[in-house]
Amino acid sequence: MNVRVSALRSYLESICGSRNVSDDPEVLYPYGSDQTQHLHFPFDMLVKPGTPEEVSQILRYCSSNGIPVTPRGGGSGVTGGALPVQGGVVLSMERMNRILTVNNVDGYVIAEAGVLTADLCKEVEEYDLYLPVAPSSMGFSMIGGNVATNAGSIRSCKYGTTAQQVLNLEVVLPDGSIIWTGANVRKNATGLNPTQLFAGSEGTLGVITKVVYRLIPKPRAEVLLLAGFRTLEDAVNMVAALKMSGLSPSAAELICDNALQFTAAYLGGRQPLVQEGIHTHLLIEFQEPDDVLMHHRLEAASALLQQHGCAEVLVGSTAAEKERLTRLRYAIGEAMTSFGTTYRDVDACVPLSGLLPYIAAVTDICRRWQVPLICFGHALDGNLHTMLLLNSQASLQEQEALDAAATEIYTYVTSHGGVLSGEHGIGWLQRKYLPLQFDEKRLSFSRHIKSLIDPANIMNPGKSVSTF
Ligand SMILES: Cc1cc2nc3c(=O)[nH]c(=O)nc-3n(C[C@H](O)[C@H](O)[C@H](O)COP(=O)(O)OP(=O)(O)OC[C@H]3O[C@@H](n4cnc5c(N)ncnc54)[C@H](O)[C@@H]3O)c2cc1C
């Protein structure tokens, strides 16, 4: 940074107004962290622009003066993407929070990037429309952050990740140009596709200021099945059968025995299907346009469950029943942090055919390094949350053991056709593993794109591709 902090503040205040700029340490403090373990980084200036034009002027100034800029959405990231690791400016999108258009003829919504994900979902449902992919952090993540991380959800197995929901983005580039990356239509074969380049770019290429999401009609019927299995093998074989059946469930969440026992102990009382002889849960959801189609789906699913050794199944169609059946799944995160523990979420994605060997490998690795392990997640996508637990008072030796276990897991994944991250991104925490995934030619390809768009390397330096 080759400009004085006072000059930076004066400039930003002249663009956004003094109440939207701060260098007060107390105001800055929460913006120095996200949801990544207990990490915190100090930085120089917080700015909250209100328009793309303001973002444009900020980026142009920061490019000219070599000032790092970390775009920030809801700060719910778990790989440290929003951590200002090189100081400089944190650019918070919180003021750009308007939903601009819901088009129920063409089926899309246009909104500013700082809209909370849950607010967008609620608004479009007023029009009988539906955004099918929203992360479970939807109450505190923003749509710009979801696009920037290419977030997934439990429903990605049916509908894809966030990138597949995006038709078009308004983006401010580091030189201050404001561009639209696509068009508000369903098909577009008009040259290169920058929309997909910015989806998952983790703030390293520019600032997303508006998002156009494609929407679908709201499904009229939604039913949950909680299936208990005696063995992990039976449950994973059921997932493979579901995939081949064409039944297209909207979720198939695997909860391994370690997650089951740990969370049941945290919740206390009797939990559905937590009982003698059941060691794995599969939470299967169907979303269909009507009850007739749903009836056929459930009949076929029930036959499949019987064929694949399901010990018992519970069905939920009312809100209260669904809450009861999903309670344990959604309490896993809370259970992990409530015992004074923190965790490293290895959200690797492997081919479905390699899921069982993957679980065996991580179990063995964690046993050898004596790292407590919790495994659950999006089985149909081959994308499990492999949670390595760490006590908040952990010794250096325990932290090193966790790092060593994570490195072994990533090495296993990348040598068995998988990827480092299925939905959380690379961010700060996983950057050092990129060379396990990519050879020098592939790293250099990403580096070239980055340096073409951001020659001064101001956008989220030190993250993901910016590291190499
Ligand atoms: C309890 C919990 C549950 C979660 N569940 C899920 C889940 O189901 N699926 C999932 O995929 N993830 C999940 N996450 C992780 C996280 O919520 C997602 O990665 C989310 O998409 C981040 O959005 P955000 O607005 O909080 O972004 P932030 O954390 O603020 O930022 C994330 C990255 O995006 C960049 N960024 C943010 N906004 C912009 C913008 N407008 N322009 C350019 N770059 C930007 C940042 O620089 C950073 O690199 C969960 C996290 C928690 C804590």
For region 194-233, what are the residues that are near the ligand (Cβ under 9 Å from one of its atoms) and either in contact with a Leu (Cβ under 7 Å, 6 or more places away or on another chain) or under 19 Å from Pro52 (Cβ atoms) (or both)? Phe198, Ser201, Gly203, Thr204, Leu205, Gly206, Val207, Ile208, Thr209, Val211
Looking only at region 224-256, count every residue that is of a type in the set (Asp, Glu) and closer than 15 Å to Tyr358 by Cα and tell me the total. 1
Which of (1) more than 16 Å from the ligand (Cβ to nearest atom); (2) surrounded by fewer than 17 Cβ atoms within 10 Å (Cβ to Cβ); (3) in the same structural domain as Pro357 (by TED's automatic domain parsing) does Glu440 not meet, given it meets every other one? (3)
Exactly one condition in (1) over 25 Å from the mean Cα position of the chain (by Cα); (2) closer than 23 Å to Ser141 by Cα; (3) not basic (Lys, Arg) is false for Ser6; which is it? (2)
Could you list, in sequence order, all residues of region 100-116 that are more than 25 Å from Thr70 (Cβ to Cβ) and of a type in the set (Val, Ile, Thr)? Thr101, Val102, Val105, Val109, Ile110
Would you pick out the residues in region 263-294 that are over 17 Å from Val315 (Cα atoms), touching a helix residue (DSSP H, G or I) at 6+ places or on another chain (Cβ under 6 Å) and either crowded, with 19+ Cβ neighbours inside 10 Å or not hydrophobic (A, V, I, L, M, F, W, C) (or both)? Thr263, Tyr266, His279
Pick out the one residue from Gly354, Gly309, Gly340, Gly316 that is within 23 Å of Ala401 (Cα to Cα), out of contact with any Cys (no Cβ under 9 Å at 6 or more places or on another chain) and not aromatic (Phe, Trp, Tyr). Gly340
Among the numbered conditions (1) crowded, with 21+ Cβ neighbours inside 10 Å; (2) over 26 Å from Tyr412 (Cβ atoms); (3) of a type in the set (A, V, I, L, M, F, W, C), tell me where Leu254 comes up short. (2)
Check every one of the strands (runs of 3 or more DSSP E) wholly within region 298-417 and list those with 2 or more residues that are under 29 Å from Tyr433 (Cα atoms). 341-346, 373-378, 383-391
So which of Ala406, Ala394 is more than 14 Å from the ligand (Cβ to nearest atom), free of Cβ contacts under 8 Å to residues at least 60 places away in the same chain and either surrounded by 14 or more Cβ atoms within 10 Å (Cβ to Cβ) or not assigned by TED's automatic domain parsing to the domain that holds Asn146 (or both)? Ala394
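The values are calculated or read from the model by the stated rules, or taken from the named source; none is laboratory data. Please read these numbers as outputs of a predicted model, since none were measured by experiment. As a convention, Cβ positions derive from the backbone with ideal geometry for all residues, glycine included, and neighbour counts pool all protein chains shown.
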